[in-house]
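**Student:** Here it is: the structure, laid out below.
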Amino acid sequence: MSDELETQDGIELGGARHIGEVLRARRLELGRELADIAHQTRVPMRHLTAIEEGKHDTLPALPYTIGFVKSYARILGLDSDTAVEQFRRETTKPDRVVPTMDHEPIEDGRVPTRAAALLGLVLLGLLALAVAAWGLGWFGGDEEPAVVEAPAGSDGGATVAMDTPPVPPPATAETPAAVAAADATATSAPPAPTSGAIVVNAREDAWVRIYEAGSGRAVFQGVMAAGDRYDVPADRQDLLLWTGRAGALDVTVGGTAIPPLGAATQTVRDVPLTAAGLAARGQPRAN
């Protein structure tokens with residue numbers, strides 16, 4: 001397929017899109033959330049957002065920002081050196097500090113002070129002592145073990161002290177009426193429509209590719225912003241859908257919404273854009 005986002009770097013130096021747009025499109029194609037990228041790279045989410053939106057004036061000094069761009073590109077499978085070169089072409093930030101660091105930056109607030117580390121060791125020691133004391137029975141309390149009369153026998157009817165475990169409450173079984181009501185609710189969903197115009201609506205930003213089933217040629221490819229829609233031509237019965245964020249799309253057939261194509265960040269491919277094909281996806285599979 002001639003999809004530049006699927007190449008090794010996907011970055012066109014001096015192209016129409018700035019590096020933030022390239023990174024954002026690649027992230028949406030992979031169905032990744034920005035918060036997940038921030039957690040994995042340890043780059044604050046506000047800086048990743050500024051890079052995607054091209055707001056370089058809100059970013060820190062250039063060496064740190066270049067480290068952010070390199071980490072972001074690397075985690076998306078893009079060529080980090082090419083991404084940094086594109087960022088240097090676009091930014092107006094002064095290069096005041098020499099060489100960039102390859103390691104991911106760590107926020108100062110995450111590094112514990114010496115006093116905090118010492119306090120943690122003391123608390124850990126106290127906790128270990130408490131557990132050991134409990135195991136040795138130092139905290140037995142004033143409670144006496146339950147005394148149960150032993151049955152008359154060879155020991156002359158002596159009493160035996162033993163701990164009586166609590167009896168668990170009986171499990172509550174579902175009544176036939178509740179089971180019948182649940183079955184009725186599960187089977188009361190209306191059937192999916194089998195005819196009518198098909199419309200793909202973007203509830204959130206999502207990368208979408210609509211292509212021909214036989215040749216794989218794309219008839220639409222790009223990021224659908226929240227509120228965008230794509231009307232499937234009525235005379236096309238050979239189109240398939242691919243997206244990295246199935247839960248961000250709403251599909252209607254004849255004005256009726258069909259069940260979701262998948263979870264929020266689930267990648268789905270080869271989804272038929274026909275009324276019959278979409279209706280078949282909503283039918284339960286035979287065991």
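**Student:** How much area per residue is accessible in the range 19-90 when the probe is 1.4 Å and only protein heavy atoms are counted (Å²)?
**Tutor:** Value returned for the range 19-90: 41 Å² of accessible area per residue.
**Student:** Suppose every Lys and Arg Cβ carries +1 and every Asp and Glu Cβ carries -1, with no other charges. What dipole size does the range 198-282 come out with about its Cα centre, to the nearest 20 debye?
**Tutor:** 140
**Student:** With the full set of protein chains in place, find how many percent of the accessible area of the range 198-282 is carbon and sulfur; take the probe as 1.4 Å.
**Tutor:** 50
**Student:** How much accessible surface area, in Å² rounded to 10, belongs to the heavy atoms of Val251 with a 1.4 Å probe?
**Tutor:** Taking all protein chains as shown, Val251 has close to 10 Å².
**Student:** At 1.4 Å probe radius, can you tell me the per residue accessible area of the range 198-282 in Å²?
**Tutor:** Heavy-atom SASA per residue in the range 198-282 reads 44 Å².
**Student:** With every protein chain left in place and a probe of 1.4 Å, what is the accessible surface of Asp235, to the nearest 10 Å²?
**Tutor:** Here the residue's solvent-accessible area equals roughly 130 Å².
The values are calculated or read from the model by the stated rules, or taken from the named source; none is laboratory data. Computed from a prediction, not measured in an experiment: that's the story for all the values here. Every residue, glycine among them, receives a Cβ derived from its backbone with ideal geometry; neighbour counts consider all protein chains shown. Calculation scope for accessible area: heavy atoms of the full protein, side chains included, ligands and nucleic acids excluded. Shrake-Rupley method; radii C 1.70, N 1.55, O 1.52, S 1.80 Å.
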